[in-house]
1. Which residues, taken from the range 71-104, are among the charged types (D, E, K, R) and over 21 Å from Thr44 (Cβ atoms)?
2. Does at least one position in the range 15-27 carry a residue that is under 16 Å from Gly64 (Cα atoms) and either under 15 Å from the mean Cα position of the chain (by Cα) or open to solvent by 90 Å² or more (accessible area, probe 1.4 Å) (or both)?
3. Can you confirm whether Phe4 is open to solvent by 20 Å² or more (accessible area, probe 1.4 Å) and within 30 Å of Ser111 (Cβ to Cβ)?
4. Just to be sure I understand, how many residues within the range 50-109 are open to solvent by less than 40 Å² (accessible area, probe 1.4 Å) and of a type in the set (Ser, Thr, Tyr)?
5. Just checking, does the range 75-89 include any residue being modelled with pLDDT under 95 and at positive phi?
6. Based on what the data block shows, is Leu8 more than 14 Å from the chain's Cα centre (by Cα), among the aliphatic types (A, V, I, L, M) and more than 26 Å from Pro115 (Cα to Cα)?
Amino acid sequence: RLWFRLALSKNHSDDVARGRLVQAYYTLNAYSSVVSLFNDAGITDGTDSGVITQIAESLLKTGGTSKAVSLLQGAIRTRPEDGPLYLALADCYQQMGNQQQALQMSLKGRSLLHPDSPAK
């Protein structure tokens, strides 16, 4: 982790280092470390969607629900066909108690993951 952190501190757009660090912290359930890393280095347009989802989940687990929503909404603007991002956003809305938005995002995410399935 030290080497990835050093690489990221020298180049905040190093998506490989960011991704590896997020995955390492997330695997250790070190959600506050993921959030700290996100606060320090942010994300780029090239950041992997799985990494963005792990950051959003870490924000949720540490009480940053509105920040998770903002992160995912921003990511969806640049990746409108990324189903897992919509599903993660649906989870955020669910936790906020916004059932209508949660359902809409969930349906959109599932339709992108399984485009040949009829909507339910």
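The values are calculated or read from the model by the stated rules, or taken from the named source; none is laboratory data. Nothing here was measured: the structure is a model prediction, and the numbers come from that model. Because the Cβ atoms are built from the backbone with ideal geometry, glycine has one as well, and the counts that use them run over all protein chains shown. Note: areas computed on protein heavy atoms with side chains; ligands, DNA, RNA excluded. Shrake-Rupley method; radii C 1.70, N 1.55, O 1.52, S 1.80 Å.
1. So in the range 71-104, the residues among the charged types (D, E, K, R) come out as 77, 79, 81-82, 91.
Selection gives Asp91 alone.
2. For the range 15-27, residues under 16 Å from Gly64 (Cα atoms) and either under 15 Å from the mean Cα position of the chain (by Cα) or open to solvent by 90 Å² or more (accessible area, probe 1.4 Å) (or both): present.
3. The answer is no for Phe4.
4. 6
5. Within the range 75-89, not a single residue is modelled with pLDDT under 95 and at positive phi.
6. Answer is yes for this residue.
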